[in-house]
Amino acid sequence: MKSFSEFHPVVLFTYFISLLVIAMFTSHPVIQLIAFVGFILFASINEGNANIKELIISLLIILIITLINPLFSKSGETVLIFINNKPITLESLMNGLSTGTMIISVIYLMKSYSKVMTSDKFLFLFGSVIPKLAIVISITLRFIPLFSEQIKRVSAAQKTMGLYSGNKLSDKLRNGIRVFSSVITWSLENAVLTAESMQARGYGLKQRSNYSLFRFNASDAILLTMILTFSGIVLSGFPTQVTTYSFYPFMTDISIQPYAFTIYSFFAILVFLPSIIEIRENIRWKYFKSKI
């Protein structure tokens, strides 16, 4: 067995796309709750620890979206309170909660995606099909963390040089502009060097051969089959009333039919599958390490 990030890029990409589609196109409370908990758990495992501060900020964002939604939506039958003669309904609050939960869940899912689906895996999948677009997307995804790291390095270097002596707002603004200008210049130079390097290596040429370390083996086939099967079972509930949920004009009942529980169970297995694999590998690693 291997860690989740070591599986074939086709398997990993299929997994994230499947979950992204399910998470974004359903407002069912049970599905959203499972996705929210599972995505946060997997992101915490990838980062090595649970970021409590980040989680608190995420919950605050959900709370803000929940409270803001009734200001734009007056639908719903259950009026809780009137503010300036405008009704605040329970349905609009719950719809805001659903929207906020979905947004935060997708953010955590994409955090895990950026950790697992590295640029070499993305280029392996799309480099031969859409080479120019693939390299642009890969560089862009990699550029965002590099840009943040460079800002920290430049800021630390300028502080060491004594350029941050003033505490006024104008001084901080001037220092920020200086750092931003330096980082923009660095990024442009880096982009030109990267483009010249890729062109010199013949990237994108039709005659160019490709070599990859990724090999599709039996464990990849098993996991891919599980992902496609579980995703298909969950998606099969979309055309029916089992996994559909409506907030307006009133909140519909959550289905407790056996078929609904089947979909909930398979989706939970799908969501927590990477976390189970990672936890299992960590336990095995610590066990074998203790035997040394």
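Could you give each residue of region 231-240 its phi-based ³J(HN,Hα) in whole Hz, using Karplus coefficients 6.51, -1.76, 1.60 with θ = phi - 60°, and x for Gly or Pro?
Ordered by residue, 3J(HN,Hα) equals 5, x, 5, 5, 5, 5, x, 5, x, 8 Hz.
In region 20-125, which GluC sites (Glu not before Pro) fall in coil by DSSP and have 15 or fewer other Cβ atoms within 10 Å?
Glu77
By per-residue mean of other Cβ atoms within 10 Å, what is the highest-first order of 30-39, 276-285?
Order by mean packing, descending: 30-39, 276-285.
Between Gln257 and Ser75, what is 0.36 nm times their sequence separation minus the Cα-Cα distance? Round to one decimal in nm.
Taking 0.36 nm per residue and subtracting the Cα distance, the gain is 62.7 nm.
Considering only the other residues whose Cβ falls under 11 Å of the Cβ of Glu281, what net charge follows from Lys and Arg at +1 and Asp and Glu at -1?
Spelling it out: positives minus negatives among the neighbours equals +2.
Given H placed on each backbone N at 1.01 Å, which residues far from Thr89 in sequence or on other chains put an amide H within less than 5 Å of it?
Placed amide hydrogens put Leu80 under 5 Å from Thr89.
If the cut-off is 20 Å between C-alpha atoms, which aspartates and glutamates fall inside it for Lys111, apart from same-chain ones fewer than 8 positions away?
Hits, sequence-local ones excluded: Glu6, Glu47, Glu54, Asp120, Glu149, Glu278.
Run the quick spin-label model on Lys53 and Ser119: label points 7 Å from Cα toward the beta carbon, then report their separation in nm to one decimal.
Here the answer is 2.8 nm between the modelled labels.
Loop only by DSSP, 13 or fewer other Cβ within 10 Å of the Cβ. Give me the trypsin sites (Lys or Arg not before Pro) in region 20-124 that pass, ordered by residue number.
Lys74
Measuring from a point 7 Å past the Cα of Leu67 along Cα-to-C-beta, which residues in region 96-111 have an amide N at less than 17 Å?
96-101
What list of ³J(HN,Hα) couplings, whole Hz, do you get for region 259-270 from phi and the Karplus terms 6.51, -1.76, 1.60, once you set θ to phi - 60° and write x for glycine and proline?
5, 5, 5, 5, 5, 4, 5, 5, 5, 4, 4, 4
Which pairs break 30 Å Cα to Cα here: Lys115/Lys286; Lys121/Lys291; Lys53/Lys291; Lys2/Lys291; Lys53/Lys74?
Violating the 30 Å Cα-Cα cut-off are Lys121/Lys291; Lys53/Lys291; Lys53/Lys74.
Bear in mind that the values in this text are calculations on the coordinates, not laboratory data. The shown structure was predicted, so the numbers you read here are calculated from the model rather than taken from an experiment. Cβ sites come from the backbone with ideal geometry, for glycine too, and all protein chains shown count toward neighbours.
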